[in-house]
1. Got at least one residue in region 65-76 being in contact with a His (Cβ under 9 Å, 6 or more places away or on another chain) and either among the charged types (D, E, K, R) or at pLDDT below 95 (or both)?
2. Of the conditions (1) surrounded by 10 or more Cβ atoms within 10 Å (Cβ to Cβ); (2) within 30 Å of GLY106 (Cα to Cα), ALA273 clears all except one; give me its number.
3. When region 142-166 is examined, which residues are found to be buried (at least 23 other Cβ atoms within 10 Å of the Cβ), more than 17 Å from VAL100 (Cβ to Cβ) and not polar (S, T, N, Q)?
4. Only one residue in LEU165, LEU130, LEU151 is touching a helix residue (DSSP H, G or I) at 6+ places or on another chain (Cβ under 9 Å) and farther than 23 Å from ARG269 by Cα, so which one is that?
5. Here are VAL107, VAL115: which of them is surrounded by 17 or more Cβ atoms within 10 Å (Cβ to Cβ), over 25 Å from GLN266 (Cα atoms) and in contact (Cβ under 8 Å) with a residue 24 or more places away in the chain?
6. When you go through (1) among the charged types (D, E, K, R); (2) closer than 26 Å to VAL163 by Cβ; (3) not in a helix (DSSP H, G or I) one by one for ASP110, which number turns out not to apply?
7. Is at least one residue of region 227-243 out of contact with any helix residue (DSSP H, G or I) (no Cβ under 6 Å at 6 or more places or on another chain) and either within 30 Å of LEU5 (Cβ to Cβ) or of a type in the set (Phe, Trp, Tyr) (or both)?
8. Given the criterion closer than 20 Å to VAL121 by Cβ, part of a helix (DSSP H, G or I) and in contact (Cβ under 8 Å) with a residue 12 or more places away in the chain, identify the matching residue among ILE10, ILE90.
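The values are calculated or read from the model by the stated rules, or taken from the named source; none is laboratory data. Computed from a predicted model, the values in this text were never measured in an experiment. Note that each Cβ is placed from the backbone with ideal geometry, even for glycine, and that neighbours are counted across all protein chains shown.
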Amino acid sequence: MSEQLPRIAILGSGSMGGAILTGLRHPDVEVEGVRATTRSDASAAALRSQGIDARGVEHDSEANTWAVTDARLVLLAVKPAQITSLLADIAPSLHPEALVVSVAAGVTTDAMQAVVPNAVVRAMPNTPALIGRGVTGISGGSRATAADLALADDLFRTVGTVVELPESQIDALSTISGSGPAYVFLLIEELTRAAEAMGFEEDVAALLVQQTFTGAALLLESTSDDPAELRRRVTSPRGTTEQAIAVLQEARLSELFGRAADAALQRARQLAAGA
(Lines give C-alpha, C1' and ligand atoms only; values in the text may rest on other atoms or scores of the structure.)
Protein backbone atom coordinates (compact mmCIF):
# COMPACT_ATOMS: atom_id res chain seq x y z
CA MET A 1 0.00 0.00 0.00
CA SER A 2 1.37 3.39 -0.97
CA GLU A 3 2.22 5.94 1.69
CA GLN A 4 0.37 9.26 1.52
CA LEU A 5 2.51 12.00 3.03
CA PRO A 6 1.97 15.78 3.14
CA ARG A 7 4.49 18.47 2.24
CA ILE A 8 7.69 17.78 4.17
CA ALA A 9 10.66 19.92 5.21
CA ILE A 10 13.89 18.15 6.13
CA LEU A 11 16.31 20.39 7.98
CA GLY A 12 19.70 18.73 7.90
CA SER A 13 20.45 16.29 5.10
CA GLY A 14 23.35 14.33 6.57
CA SER A 15 23.24 10.59 7.14
CA MET A 16 19.80 10.33 8.74
CA GLY A 17 18.15 13.18 6.86
CA GLY A 18 19.65 11.74 3.69
CA ALA A 19 18.27 8.29 4.54
CA ILE A 20 14.78 9.74 4.87
CA LEU A 21 15.15 11.57 1.56
CA THR A 22 16.06 8.24 -0.05
CA GLY A 23 13.04 6.57 1.54
CA LEU A 24 10.74 9.29 0.28
CA ARG A 25 11.87 8.62 -3.29
CA HIS A 26 10.73 4.98 -3.12
CA PRO A 27 8.16 4.21 -5.86
CA ASP A 28 5.54 3.17 -3.28
CA VAL A 29 5.75 6.49 -1.41
CA GLU A 30 3.57 9.41 -2.42
CA VAL A 31 4.46 12.79 -0.98
CA GLU A 32 2.98 16.19 -1.76
CA GLY A 33 6.38 17.82 -1.88
CA VAL A 34 9.79 17.91 -0.18
CA ARG A 35 12.13 20.76 0.62
CA ALA A 36 15.50 20.14 2.24
CA THR A 37 18.29 22.17 3.73
CA THR A 38 21.87 21.16 4.19
CA ARG A 39 25.04 22.74 5.50
CA SER A 40 26.85 23.72 2.32
CA ASP A 41 25.90 25.08 -1.06
CA ALA A 42 27.76 22.19 -2.68
CA SER A 43 25.72 19.53 -0.88
CA ALA A 44 22.53 21.42 -1.70
CA ALA A 45 23.55 21.43 -5.36
CA ALA A 46 24.15 17.68 -5.17
CA LEU A 47 20.63 17.19 -3.81
CA ARG A 48 19.16 19.37 -6.55
CA SER A 49 20.95 17.21 -9.13
CA GLN A 50 18.89 14.33 -7.73
CA GLY A 51 15.65 16.26 -8.21
CA ILE A 52 15.32 17.46 -4.60
CA ASP A 53 14.39 21.06 -3.91
CA ALA A 54 17.25 22.05 -1.60
CA ARG A 55 19.16 25.04 -0.27
CA GLY A 56 22.35 25.34 1.75
CA VAL A 57 22.39 27.32 4.99
CA GLU A 58 26.04 28.25 4.46
CA HIS A 59 25.24 31.49 2.64
CA ASP A 60 21.44 31.59 2.93
CA SER A 61 20.16 32.62 6.36
CA GLU A 62 16.56 32.15 5.18
CA ALA A 63 17.00 28.60 3.92
CA ASN A 64 15.35 26.89 6.90
CA THR A 65 12.38 29.26 7.01
CA TRP A 66 11.97 28.77 3.26
CA ALA A 67 11.90 25.00 3.75
CA VAL A 68 9.25 24.95 6.49
CA THR A 69 6.86 27.40 4.82
CA ASP A 70 3.60 25.48 4.18
CA ALA A 71 5.14 22.19 5.34
CA ARG A 72 2.88 19.96 7.44
CA LEU A 73 5.74 17.72 8.58
CA VAL A 74 9.10 19.16 9.65
CA LEU A 75 11.98 16.77 10.32
CA LEU A 76 14.87 18.10 12.40
CA ALA A 77 18.00 16.11 11.51
CA VAL A 78 20.70 18.41 12.89
CA LYS A 79 23.00 17.96 15.89
CA PRO A 80 21.33 17.92 19.34
CA ALA A 81 23.02 21.16 20.40
CA GLN A 82 21.40 22.95 17.45
CA ILE A 83 17.79 21.83 17.97
CA THR A 84 16.42 24.54 20.27
CA SER A 85 18.10 27.42 18.41
CA LEU A 86 16.84 26.01 15.10
CA LEU A 87 13.32 25.74 16.49
CA ALA A 88 13.47 29.34 17.70
CA ASP A 89 14.56 30.40 14.22
CA ILE A 90 11.77 28.62 12.34
CA ALA A 91 8.97 29.03 14.92
CA PRO A 92 7.43 32.15 13.29
CA SER A 93 7.29 30.37 9.91
CA LEU A 94 5.84 27.05 11.07
CA HIS A 95 2.31 26.27 9.96
CA PRO A 96 0.10 25.93 13.08
CA GLU A 97 -0.77 22.36 12.09
CA ALA A 98 2.78 21.29 11.24
CA LEU A 99 4.13 18.28 13.11
CA VAL A 100 7.72 18.72 14.26
CA VAL A 101 9.81 15.53 14.46
CA SER A 102 13.34 15.39 15.85
CA VAL A 103 15.89 12.61 15.51
CA ALA A 104 18.35 14.31 17.89
CA ALA A 105 19.54 12.17 20.79
CA GLY A 106 18.85 13.49 24.26
CA VAL A 107 16.53 16.36 23.28
CA THR A 108 13.20 15.81 25.03
CA THR A 109 9.76 16.66 23.73
CA ASP A 110 9.35 19.07 26.67
CA ALA A 111 12.46 20.95 25.54
CA MET A 112 11.06 21.28 22.02
CA GLN A 113 7.56 22.23 23.19
CA ALA A 114 9.07 25.02 25.27
CA VAL A 115 10.18 26.69 22.02
CA VAL A 116 7.32 26.01 19.57
CA PRO A 117 3.55 25.67 20.07
CA ASN A 118 3.30 22.78 17.59
CA ALA A 119 2.86 19.10 18.28
CA VAL A 120 6.24 17.37 18.48
CA VAL A 121 7.47 13.81 18.18
CA ARG A 122 10.84 12.45 19.24
CA ALA A 123 12.29 9.69 17.09
CA MET A 124 15.32 7.45 17.43
CA PRO A 125 16.21 5.69 14.15
CA ASN A 126 19.34 3.60 13.64
CA THR A 127 21.88 3.54 10.82
CA PRO A 128 20.42 0.59 8.83
CA ALA A 129 17.80 3.17 7.83
CA LEU A 130 20.42 4.10 5.23
CA ILE A 131 19.49 0.91 3.34
CA GLY A 132 15.80 0.89 4.26
CA ARG A 133 16.23 -1.65 7.08
CA GLY A 134 16.19 0.64 10.09
CA VAL A 135 14.39 0.37 13.40
CA THR A 136 12.91 3.63 14.67
CA GLY A 137 11.38 4.28 18.06
CA ILE A 138 8.91 7.18 18.20
CA SER A 139 7.33 8.99 21.13
CA GLY A 140 4.89 11.89 21.05
CA GLY A 141 4.95 14.98 23.22
CA SER A 142 1.96 16.03 25.29
CA ARG A 143 0.35 17.83 22.31
CA ALA A 144 0.78 14.98 19.85
CA THR A 145 -2.39 13.20 18.81
CA ALA A 146 -2.89 9.69 17.51
CA ALA A 147 -2.97 11.20 14.01
CA ASP A 148 0.40 12.88 14.62
CA LEU A 149 1.96 9.60 15.71
CA ALA A 150 0.46 7.85 12.70
CA LEU A 151 2.06 10.48 10.45
CA ALA A 152 5.45 10.01 12.10
CA ASP A 153 5.00 6.25 11.74
CA ASP A 154 4.31 6.67 8.01
CA LEU A 155 7.44 8.79 7.62
CA PHE A 156 9.82 6.34 9.28
CA ARG A 157 8.26 3.26 7.71
CA THR A 158 9.80 4.53 4.47
CA VAL A 159 13.17 3.46 5.94
CA GLY A 160 12.25 0.37 7.97
CA THR A 161 10.31 -0.75 11.03
CA VAL A 162 8.70 1.59 13.58
CA VAL A 163 7.96 1.00 17.27
CA GLU A 164 5.87 3.43 19.31
CA LEU A 165 7.16 3.81 22.87
CA PRO A 166 6.70 6.03 25.92
CA GLU A 167 9.39 8.71 25.94
CA SER A 168 10.85 7.23 29.13
CA GLN A 169 12.05 4.29 26.99
CA ILE A 170 13.55 6.23 24.09
CA ASP A 171 16.99 6.52 25.71
CA ALA A 172 16.94 2.81 26.53
CA LEU A 173 15.98 2.02 22.94
CA SER A 174 19.03 3.98 21.77
CA THR A 175 21.27 1.57 23.71
CA ILE A 176 19.78 -1.46 21.92
CA SER A 177 18.76 -0.64 18.34
CA GLY A 178 20.61 2.67 18.15
CA SER A 179 23.98 1.40 19.37
CA GLY A 180 23.28 -2.21 18.38
CA PRO A 181 24.79 -2.04 14.88
CA ALA A 182 28.11 -1.00 16.46
CA TYR A 183 27.99 -4.08 18.72
CA VAL A 184 27.51 -6.29 15.66
CA PHE A 185 30.33 -4.57 13.77
CA LEU A 186 32.61 -5.07 16.78
CA LEU A 187 31.86 -8.80 16.81
CA ILE A 188 32.62 -8.93 13.08
CA GLU A 189 35.93 -7.14 13.66
CA GLU A 190 36.98 -9.53 16.40
CA LEU A 191 35.99 -12.73 14.57
CA THR A 192 37.82 -11.45 11.49
CA ARG A 193 40.96 -10.97 13.59
CA ALA A 194 40.57 -14.53 14.89
CA ALA A 195 40.31 -15.81 11.31
CA GLU A 196 43.45 -13.92 10.31
CA ALA A 197 45.27 -15.37 13.33
CA MET A 198 44.39 -18.84 12.02
CA GLY A 199 46.18 -18.10 8.77
CA PHE A 200 43.47 -16.77 6.46
CA GLU A 201 44.39 -13.87 4.19
CA GLU A 202 42.79 -10.56 5.20
CA ASP A 203 40.34 -10.46 2.29
CA VAL A 204 39.36 -14.11 2.74
CA ALA A 205 38.87 -13.64 6.49
CA ALA A 206 36.65 -10.61 5.85
CA LEU A 207 34.60 -12.50 3.26
CA LEU A 208 34.10 -15.51 5.53
CA VAL A 209 33.01 -13.48 8.53
CA GLN A 210 30.87 -10.89 6.80
CA GLN A 211 28.96 -13.44 4.75
CA THR A 212 28.49 -15.63 7.83
CA PHE A 213 26.92 -12.75 9.76
CA THR A 214 24.78 -11.73 6.78
CA GLY A 215 23.62 -15.28 6.19
CA ALA A 216 22.84 -15.86 9.86
CA ALA A 217 20.79 -12.66 10.04
CA LEU A 218 18.84 -13.57 6.90
CA LEU A 219 18.24 -17.08 8.24
CA LEU A 220 16.86 -15.62 11.47
CA GLU A 221 14.61 -13.29 9.50
CA SER A 222 13.29 -16.06 7.29
CA THR A 223 12.17 -18.37 10.11
CA SER A 224 9.80 -18.17 13.05
CA ASP A 225 12.36 -19.91 15.28
CA ASP A 226 14.07 -17.91 18.00
CA PRO A 227 17.87 -17.39 18.02
CA ALA A 228 18.41 -19.88 20.83
CA GLU A 229 16.82 -22.66 18.77
CA LEU A 230 18.85 -21.75 15.69
CA ARG A 231 22.01 -21.76 17.80
CA ARG A 232 21.18 -25.22 19.15
CA ARG A 233 20.86 -26.58 15.61
CA VAL A 234 24.41 -25.44 14.83
CA THR A 235 25.78 -26.74 18.12
CA SER A 236 26.24 -30.51 17.81
CA PRO A 237 26.87 -32.37 21.11
CA ARG A 238 30.60 -32.65 21.82
CA GLY A 239 31.31 -30.90 18.52
CA THR A 240 33.51 -27.95 17.59
CA THR A 241 30.80 -25.31 17.99
CA GLU A 242 29.90 -26.58 21.45
CA GLN A 243 33.51 -26.10 22.52
CA ALA A 244 33.60 -22.55 21.12
CA ILE A 245 30.29 -21.60 22.76
CA ALA A 246 31.54 -22.90 26.11
CA VAL A 247 34.54 -20.57 25.90
CA LEU A 248 32.35 -17.59 24.94
CA GLN A 249 29.96 -18.29 27.82
CA GLU A 250 32.88 -18.24 30.25
CA ALA A 251 33.04 -14.52 29.51
CA ARG A 252 29.52 -14.17 31.02
CA LEU A 253 28.14 -12.56 27.86
CA SER A 254 24.72 -11.90 29.36
CA GLU A 255 26.30 -9.88 32.16
CA LEU A 256 28.70 -8.19 29.75
CA PHE A 257 26.00 -7.03 27.37
CA GLY A 258 23.88 -5.87 30.29
CA ARG A 259 26.76 -3.75 31.57
CA ALA A 260 27.37 -2.34 28.09
CA ALA A 261 23.72 -1.37 27.67
CA ASP A 262 23.65 0.20 31.15
CA ALA A 263 26.76 2.25 30.34
CA ALA A 264 25.18 3.50 27.12
CA LEU A 265 21.96 4.37 28.96
CA GLN A 266 23.82 6.38 31.60
CA ARG A 267 25.55 8.35 28.86
CA ALA A 268 22.22 8.96 27.09
CA ARG A 269 20.83 10.41 30.32
CA GLN A 270 23.90 12.61 30.72
CA LEU A 271 23.40 13.92 27.19
CA ALA A 272 19.75 14.64 27.96
CA ALA A 273 20.86 16.64 30.99
CA GLY A 274 23.31 18.64 28.88
CA ALA A 275 26.47 16.97 30.16
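1. yes
2. Condition (1) is where ALA273 drops out.
3. Across region 142-166, the qualifying residue is only VAL159.
4. LEU130
5. VAL115
6. (3)
7. no
8. ILE90
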